[in-house]
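Here, each number is a calculation from the coordinates, and none is a lab measurement. Everything numeric in this text was worked out from a predicted model, so none of it was measured. Every residue, glycine among them, receives a Cβ derived from its backbone with ideal geometry; neighbour counts consider all protein chains shown.
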Amino acid sequence: MTLITFDENKQIFHLSNASISYLIGIEKEAYLSHLYFGKAIKTYHDGRKYPAINRSFSPNPDGIPLKTRDFSLDTILQEMPSYGHGDFRNPAVQIKQVNGSSITEFVYDSYEIIFGKPELDGLPATYVEDKKEAETLVITLVDKLLGLKLKLSYTIYANRDVIARNALLENNGVVPVVIEKLASLSVDLPAQDLELISLPGRHIKEREIERQPIQRGTRIIDSKRGTSSHQANPFIALVAPKTDELTGIAIGLTLVYSGNHEMLIEQDQFSQTRVMAGINPFGFEWELGSNACFQSPEALLVYSDQGINGMSQTFHDLLQTRLARGRYRQAERPILINNWEATYFDFDADKIKSIVDSAADLGIELFVLDDGWFGKRDEDTSGLGDWIENTEKLKDGLQGIADYVHQKNMSFGLWFEPEMVNADSDLFREHPDYALQTPGRGMSTSRDQYVLDFSRQEVRAEITKQMRAILDTIDIDYIKWDMNRHLTEVHSSTAGAAHQGEIFHRYVLGLYEMLEELTTEYDHILWEGCSGGGGRFDAGFLHYMPQSWTSDNTDAIERLDIQYGTSLLYPISSMGAHVSAVPNHQTYRETGLEIRGDVAMSGIFGYELNLQDMSQTEKTVVLEQVAFYKIHRKLLQYGKFYRLLSPFESNQTAWIFVNDDQSQAIGFYFRKYAESAGPLRVIKFTGLAPDKTYQVNDDAIYGGDELMSIGLYIYPFLEGDYQSRKFVINEVK
Ligand code: DGJ
């Protein structure tokens, strides 16, 4: 199947599979224009050719054949706009030159079509397993004055509704230039009413859904924190005003990157919308020497005409199967018990063993020893940087705990926070310069810790060495990679003044290099990302670690919002979710064990509380939850996920997991607050086969069409606040 064609006469590239088309034109033999992204069309007949219009105050570029007043870069829809020749909108690329100018003019030079999808040097990206899965168009633009080549890559998969893009800048000139901005993707959409969906948040309240009309002017969603952050997830969606979960157009955009990002949306004077995503130009400068090149991160653009849920499902499948890697990519994930909320720093070997005993009795499969097992770490003010077991706490060391856990037929997991150092640590005492710091200025602390300068190879090597010493001697099956502060005073003591603007990005590149090395070498380990909960829940990290701790907020009710919001982009197989104690440690709310279980098993299920303190009745509930999850986890971790009712819109939340052949499904309904003499609520399911017959909860029989169109009453009534109900739906033949 040919996925990419070039029409020589019309000078048009057409990327197309059975469901989407992406059209790029070359205007005036020079400028790359965006023509269309949407539902597949067979043949293009110039319907989107930008009309020749003379607009006042929109300049006409020089040097093109037949210079005319009715062509301006300020008005046409572009693919990768430069700065300085009359487009007054936000540029996608800005390059500072030795003469002080930042003006560039990238014009079309050539193209190449490649089977498959090339890897990105040093950066995480989606991939193919077979070259037949995708084709990649590489369009080369040149700035002749500067000798710069800008190579834009567009990958289209044969059976996914996504375009993966990146940009590579090559300096073939004789003098260095400074990249001030290089977006991974820019696309201009014609005038239309659009709304913007984004996922802002904060620590313990990640990824809330915001939706608002796009109006004229520029809106930026970005992180300057050094990581993708709790505050601004690198994701946006543009939707038609009437788009809902299952109908209407949604265009989703994410960046496969874990550092400072910028998602920019600009509606211009003619109501056209420019969208771009890339490394945040704030605090960024990259000196590009002669013969050097700079690779942007990958951006993923998804099209759905089946609403927001359609967009999410395309992202879920892509991130799960062609971004995440390793043997756990699609393997059933173990049920874990983590000791953090059970003990915090207050534990010794006996306490840990008693948690392990109870977990083993209840059928839990993986014990994770969280923060506090190393160095001098009795509280969060010391020890980071010294990854040596603390034998005062663990009398037989880590090996003693690992052996104990393994004897119980459980796996053993360990927590690390490799990127950090406390002032009170041997590492900092010996190498204070290893921490990021700006000469002559104070060093801000956050949770009493500093950030190690991972842009430096020797710093990474020291931490890698310490980690290896543990990984090579102790049987570790799982690692939680945490990061509990953001970057300040960003300056590297070994980089020259001209290179300090590179440090934010070099930090991320260094981190990726280390993650690549460790996760591929220790590929028997299940790696879980974390950053104070869900502070680095991004597609970049998912390339190395197939799951991530979704939030430090373990309250079941708050988790409804957090998991619902996270599911807009990220697959359920990536979301760690644990049952914790009540009153909850973040909200002080009391909820029942059933709803806590139902919310947590709507993710990668685990527990994080003192199981040994539970009553026998509670233990029986846990036994049932564990047994239920083991039977159904394939469906719950990898089934198609449909959101049914939004916690952001009402008192009710609901979602359903459906397997590939629609023979099995599990629906969950949650109600936050009791409704006195309340209405008889109805839940309608989605994703079932209308012509199949199903049995619900081993009881009544319904047609798939009935379950989706008529639905079921939530009856018997739920009693009290914070209630949930499960619907196990099985096909009967
Ligand atoms: C933040 C994480 O999100 C928690 O789960 C826990 O691991 C703590 N850090 C430990 O310091």
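Entry for region 600-733 at q = 0.18 Å⁻¹: log10 I(q)/I(0) = -1.10, Debye formula applied to identical alpha-carbon scatterers, no solvent contribution. The label-point distance for ARG329 and ASP7, in a model that sets each label 7 Å from Cα toward Cβ, rounds to 3.6 nm.
Sorting check: for 249-257, 221-229, 424-432, which peptide has the highest mean count of neighbouring beta carbons within 10 Å, and how do the rest follow?
On the way: 249-257: 25.4, 221-229: 23.3, 424-432: 16.4.
With the highest mean Cβ count within 10 Å placed first, the list reads 249-257, 221-229, 424-432.
What are the residues whose amide H is under 5 Å from the amide H of THR554, where those residues sit 5 or more places off or on another chain and H is modelled from the backbone? Answer set, sorted by chain and number: GLN586.
My understanding is that a pair violates if its Cα-Cα distance is over 19 Å; which of LYS151/LYS224; LYS49/LYS181; LYS351/LYS393; LYS634/LYS726; LYS353/LYS408; LYS10/LYS39 do that in this structure? Please list the in-between numbers first.
On the way: LYS151/LYS224 27 Å; LYS49/LYS181 29 Å; LYS351/LYS393 10 Å; LYS634/LYS726 17 Å; LYS353/LYS408 10 Å; LYS10/LYS39 21 Å.
Violating the 19 Å limit, Cα to Cα: LYS151/LYS224; LYS49/LYS181; LYS10/LYS39.
On a per residue basis, the convex hull of the C-alpha atoms belonging to region 336-638 measures out at 129 Å³.
Once the chain from SER271 to ASP193 is taken as fully extended at 0.36 nm per residue, the excess over their C-alpha distance is 27.2 nm. Diffusion coefficient (Stokes-Einstein, Kirkwood radius over C-alpha pairs, 10 °C, 1.306 mPa s) for region 397-550: 96 µm²/s, rounded to a whole number. Less than 15 Å Cβ to Cβ from GLN97, Lys/Arg counted +1 and Asp/Glu -1: what total charge do the surrounding residues give? Net of charged neighbours comes to -2. Run a plain Debye calculation on region 652-731 (Cα atoms as equal point scatterers, no solvent) and give log10 I(q)/I(0) at q = 0.18, 0.27 Å⁻¹, rounded to two decimals, same order as the q list. Rounded to two decimals, the profile gives -0.70, -1.32.
Computing Rg and the Kirkwood Rh from the Cα coordinates of the chain gives a ratio, Rg/Rh, of 0.98. As a ratio to 2.2 N^0.38 Å, the alpha-carbon radius of gyration for region 505-605 is 1.18.
With each label modelled as a point 7 angstrom along the Cα→C-beta vector, the THR494-ALA677 pair spans 7.5 nm.
Share of pairwise Cα-Cα distances greater than 21 Å in region 1-79 is 32 percent (whole percent). Annotation: peptides 675-682, 34-41, 524-531, ranked by per-residue average of other Cβ atoms within 10 Å with the highest first, follow the order 524-531, 34-41, 675-682. Projecting the alpha carbon convex hull of region 213-304 along each direction and taking the average yields 7.8 nm².
Here the Karplus relation 6.51 cos²θ - 1.76 cosθ + 1.60, evaluated at θ = phi - 60°, turns the backbone of region 390-397 into coupling constants of 9, 7, 6, 7, 10, 4, 9, x Hz, with x for every Gly and Pro.
Which of the GluC sites (Glu not before Pro) across region 332-366 are loop residues per DSSP, with 16 or fewer other Cβ within 10 Å? Write down the numbers at each step before the final one.
Numbers: sites: GLU332, GLU341, GLU365; in loops: GLU332, GLU365.
Within region 332-366, the qualifying GluC sites (Glu not before Pro) (loop, at most 16 other Cβ atoms within 10 Å) are GLU332.
Compute the length gained on full extension between ALA40 and ASP691: take 0.36 nm times their separation in residues and subtract their Cα-Cα distance, giving the result in nm to one decimal.
Working: separation 651, 0.36 × 651 = 234.36 nm, distance 2.82 nm.
Taking 0.36 nm per residue and subtracting the Cα distance, the gain is 231.5 nm.
Checking every one of the chymotrypsin sites (Phe, Trp or Tyr not before Pro) in region 563-629 against DSSP loop status and a limit of 15 other Cβ atoms within 10 Å picks out TYR588.
Between SER548 and GLY529, MET575, GLY576, the built amide H atoms are under 5 Å apart, and every one of these is 5 or more places off in sequence or on another chain. With the largest listed first and rounded to whole Å, the semi-axes of the equivalent ellipsoid of region 6-51 from the Cα gyration tensor are 18, 10, 9.
Write down the Å³ per residue value for the convex hull defined by the alpha carbon atoms of region 330-381.
Details: hull volume 4.8 nm³, N = 52.
With only Cα atoms used, region 330-381 gives 93 Å³ per residue.
Amide H contacts of GLY38: SER21, each under 5 Å away and 5 or more positions distant or on a separate chain (H built 1.01 Å from N in the peptide plane; Pro and chain starts excluded). Take the Cα of ARG55, step 7 Å toward its Cβ, do the same at GLN612, and the gap between the two points is 7.0 nm. For region 52-158, applying the loop criterion from DSSP together with a ceiling of 15 other beta carbons within 10 Å to the trypsin sites (Lys or Arg not before Pro) yields ARG55, LYS67, ARG69, LYS144. Ordering of 716-727, 532-543, 182-193, 655-666 by packing is 532-543, 182-193, 655-666, 716-727, highest average first (other Cβ atoms within 10 Å, averaged per residue).
Full extension from ALA158 to TYR522: what is 0.36 nm times the residue separation minus their Cα-Cα distance, to one decimal in nm?
Values: separation 364, 0.36 × 364 = 131.04 nm, distance 3.24 nm.
Answer, rounded to one decimal: 127.8 nm.
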